[in-house]
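What follows is a short report on a single structure.
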Amino acid sequence: MGDPLLSTLLDGRYLVQAEIASGGTSTVYRGLDTRLDRPVALKVMDSRYAGDQQFLTRFQLEARTVARLKHPGLVAVYDQGHDGRHPFLVMELIEGGTLRELLHERGPMPPHAVAAVLRPVLGGLSVAHRAGLVHRDIKPENVLISDDGEVKIADFGLVRAVAAAGITSNSVILGTAAYLSPEQVRDGNAGPRSDVYSTGILTYELLTGQTPFTGDSPLTIAYQRLDHDVPPASDAIGGVPTQFDEFLACATARDPAERYADAIEMAADLDAIVEELGLPDFRVPAPRNSAQHRSAVLHRSQIAEQRAAAGPGAPGIPQGPHPTRQFTREPTPGAPVAPDLPDAPIEYDDDDYEYADEAGQFAGISLEEFMWERQHRRRMVLIWVAIVLAITGLVATAGWTIGSNLSGLL
């Protein structure tokens, strides 16, 4: 049987067009705001939450609070509502995919790519932490990457809203087990330092392609962090700079007091590391075979079939191009997709920060571009140092000449 929500109108305004992804508590759909004629993402909560007044109150409160946050690293929240059996959230539609999908396709990342992901993530978290908000569920699934290279955090406030629901608050540990901070596992408390810990685990996974703790069940994984420190990323993959190991150690300290106080402090340290290592800028690519891309293709094919069946000019069938953008890079036919954890050894060294798969590329982009950028940056620094030294020498020489002949000049 088909999804009963497809082609329905939520709250008399939002047309449900195609499913993008489904989880334990909600389903995300591609939708259309018929009033403003713009594409949106619709996160529709499971019907079991519709009758929980505590959840609905928290859901509305969190949506209003998050909608006030403005930052390029945050997915914008437009609206929230409750249509019959389904509470829903209306958000900015990100044409692209998730960081999880990118990791599945490409495996671990070199330091400059890791920094390019973390900077907007920490920027968005910084805005939230300044406003007194905590995400509570930082993980690759909640980091979206657009086809334009934008990196954004999604699902602010949803964990807290779900925690308010009596049907779940006493029965599960909320948040993904692999990324929970020790204090969240121990007593359920979460603050800005909890987001810092989760971002540290995310950093470890970006560098190594895997999370630091494993186990037979989510609870086993979660409780390991109570007694064990996160190991250095360089233990899992060769060549991780020492600065990133230290960065990880501070972010994932078991004692919250020993971590960065918030995302603002963590972002400042990351910027210092990028400057110290001279890491080049990097445009994070969207995953090619993402659920969002597949949903867009499916929706376009459905529209095309409807047009063909109804004939030109039929009422109610869109006649022009779909209002959303096409994704910028089509998957290469026959291109291999990297497994979750690559078997082939992949290393980058401390001197040149080289990182390559067998094709010498990351995300389909030649690493020669990264090395050229790094060398160009080094040359420009040396040129400016030489200019400053030359000017300083000329000024010193002129000063010495004038001082030596001052009496004669007078």
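Taken together, the values in this text are just the output of simple stated rules run on the coordinates, not laboratory data. Because the structure is predicted, anything quoted here is derived from the model rather than measured. Counting neighbours? That spans all protein chains shown, and the Cβs are built from the backbone with ideal geometry, glycine included.
Brief remarks on what is shown
- Each of the peptides 112-121, 36-45, 213-222 was scored by the mean count of other Cβ atoms within 10 Å over its residues; in descending order, highest first, they stand as 112-121, 36-45, 213-222.
- Placing a pseudo-label 7 Å from each Cα along the Cα-to-Cβ vector at residue 382 and residue 235 gives an inter-label distance of 3.9 nm.
- Convex hull volume per residue in cubic angstrom - Cα atoms of region 96-277: 119 Å³
- Cα centroid of region 211-250 to Cα centroid of region 59-76, whole Å: 31 Å
- Note on residue 391 and residue 255: with the Förster distance fixed at 60 Å, the Cβ-Cβ geometry gives a FRET efficiency of about 0.75.
- Region 274-283 - phi-based ³J(HN,Hα) in whole Hz, Karplus 6.51/-1.76/1.60, Gly and Pro as x: 4, 5, 5, 7, x, 6, x, 5, 8, 9
- Measuring how big region 94-142 is from its alpha-carbon positions, Rg and Dmax come out at 12.3, 35 Å.
- For the peptides 243-253, 225-235, residues were scored by their other Cβ atoms within 10 Å and the scores averaged per peptide; the highest-first order is 243-253, 225-235.
- Amide proton proximity set for residue 40, modelled H, under 5 Å, gap of 5+: 31, 32, 33
- Calculated FRET efficiency for the pair residue 187/residue 57, C-beta based, R₀ 35 Å, to 0.05: 0.90
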